Amino acid sequence: MKTTFLKLNKQPESNGYLDKHQFKDEFFFNLDVCFDSDTYLVSLTKSIPPELMFNENYAYYSSLSSTMRKSFANIAKSLKNIYKPKLSLEIGSNDGVFMKNFNTNEIVSVEPCGNFADFTNSLGYKTYKNFWDYSLSTHIKNKQGTFDLIYSANCFSHIQTLDDAFRAIKNILSADGVFVMEDPSIQQVLDKNTYDLFYYAHAHVFSITSIQNIILKHGLEIFNVDSINVHGGSNRIYIKHITNNTHTIDASVSKHIDDELLCGIGVLQTYLDFEKRVRKSKKDLVLLLETLKAKGENIICYGATAKSSTVFNYCDISTDLIDCIVDMTPDKQNKYSPGMHIPIVSIDIGLTDDVKYIFLGAWNFKDEIMKKEPEFIKRGGKFITHVPIVHIINE
Ligand code: TMP
């Protein structure tokens, strides 16, 4: 049974960066989050059509962050060493940040965002410009056969029709093959109070337990789990056919599942308690920003993220509190943030000498960002975050 436990108000498409003339056509839906007591899956109660989010205008480039480049290079190297795949498949290849660690004849990919699919195809990496589903898996299987390694990072949490997506994995994974998926962890969201991981592109935030519950019925099972720091705390989950005995089931699987159950991920009350903490976070953040603004301080946001879109639209924070958002992504610059219409500019333009406070819209890159801005820190600049509670970091 599904129960809605969190209501994050009306929200726009969180990656929809706008020109002024587009304000009037912007659409908003109630962003509600529910818990399924059968599978323990946490999902959006209602989603919007994927084509509205994942198209040729998708403005999230995985390669821009050095943290992400390193993370993808390391995992690519490690997976190649361990599993020695003849042919690999990546689902959701974005701008090729993972794929580029392979030769063009060693990997193919699936990517529905036209800008990225065209780009990686132009580099010589065969990229299917499609959404991942069962019929595509059959089409690719007919052309290329089955795959020894399938990798998908920050993609399955976008897929609304999970049963079909896992059936497609079952269809195309070789008998001894390994499917590795990594996505943000609901346990980390609960621990860190990061309600901003909920936005339209995230149809689900997974526990390991929920994935196990869903894939068992498709003849798949988890055999290993790593906790990783990416996106504020994610799980890298290794999956195989139940019938495959080549890979033994690591002790990490039951350890993680036991930890999750102890933390209450299977109990509705856990999510109701979380909802109270989210409401407090909103109150505290608005109070802090209003207090600073009343003292005449200039506050900007660092990172035009989908997460900051959730925070600003939920907390009703607009240009009265945040002067602008700075972001290094060219496609986001000189646009306006979804819903609250805060101007987005390059760091050179937005981080002027009179800025005293930076709200970390990309709190998941806190270390990378703080390392980049020693001058701001030297002149007494302060960073604000709401993770895990609202506070000034370097006070
Ligand atoms: P994400 O948190 O959804 O991964 O998005 C991070 C955003 O923050 C992305 O738009 C790039 C931006 N960003 C900067 O502008 N400067 C930086 O130093 C870092 C790490 C990210």
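Taken together, the values in this text are just the output of simple stated rules run on the coordinates, not laboratory data. Quantities reported herein were computed from a predicted structural model and do not represent experimental measurements.
Considering only S207, S63, S122, the Gaussian network model of the chain with Cα springs below 10 Å gives its largest mean-square fluctuation to S122. Measuring against 20 Å, Cα to Cα, the residue pairs K20/K332; K282/K371; K70/K141; K295/K382 contain K282/K371; K70/K141 as the ones spanning a longer distance. Springs between Cα atoms under 10 Å define the GNM used for the chain, and in it the highest mean-square fluctuation of A304, A73, A203 occurs at A73. The HN-Hα couplings worked out from phi for the range 268-281 by the Karplus form 6.51 cos²θ - 1.76 cosθ + 1.60 (θ = phi - 60°) are 4, 4, 4, 6, 5, 5, 4, 4, 5, 5, 5, 5, 5, 4 Hz, whole numbers, x standing for Gly and Pro. Under 5 Å between amide hydrogens, built in the peptide plane, is the criterion, and for K335 it picks out I344 among residues at least 5 positions away or on other chains.
Taking the alpha-carbon centroid of each part, what is the distance from the range 347-390 to the range 1-75 in angstrom? Value for the Cα centre distance between the two parts: 24 Å. Taking Cα atoms only, the orientation of helix 66-83 departs from the longest principal axis of the chain by about 10 degrees. Note on the chain: GNM, Cα springs under 10 Å; of E26, E260, E275, the largest mean-square fluctuation is that of E26.
Using θ = phi - 60° in the Karplus curve 6.51 cos²θ - 1.76 cosθ + 1.60, the 3J(HN,Hα) couplings for the range 132-144 round to 6, 7, 4, 5, 5, 4, 5, 4, 5, 4, 5, 8, 10 Hz; x is entered for Gly and Pro. Can you give me the angle between helix 306-315 and the longest principal axis of the chain, using Cα atoms only, in degrees from 0 to 90, rounded to the nearest 10? So the helix axis and the longest Cα principal axis differ by about 50 degrees. Our note on the geometry: Cα centres of the range 235-280 and the range 128-156, 26 Å apart. Backbone geometry of the range 324-341 corresponds, through the Karplus equation with coefficients 6.51, -1.76 and 1.60 at θ = phi - 60°, to 3J(HN,Hα) couplings of 6, 10, 9, 7, 7, 6, x, 5, 9, 5, 6, 10, 10, 5, x, x, 8, 6 Hz, x marking Gly and Pro. Would you please classify the overall shape of the range 59-180 from the alpha carbon gyration tensor, given that a ≥ b ≥ c denote the square roots of the eigenvalues, rounded means a/c under 1.5, and beyond that prolate means a/b larger than b/c while oblate covers the rest? Taking the square roots of the gyration eigenvalues as a ≥ b ≥ c, the range 59-180 is rounded.
Helices in the chain, meaning DSSP H runs of at least 4 residues, each add -39500 (n - 2.57). Divided by all residues, the mean residue ellipticity at 222 nm is -10000 deg cm²/dmol.
Helix 162-172 and the longest principal axis of the Cα set of the chain meet at an angle near 40°.
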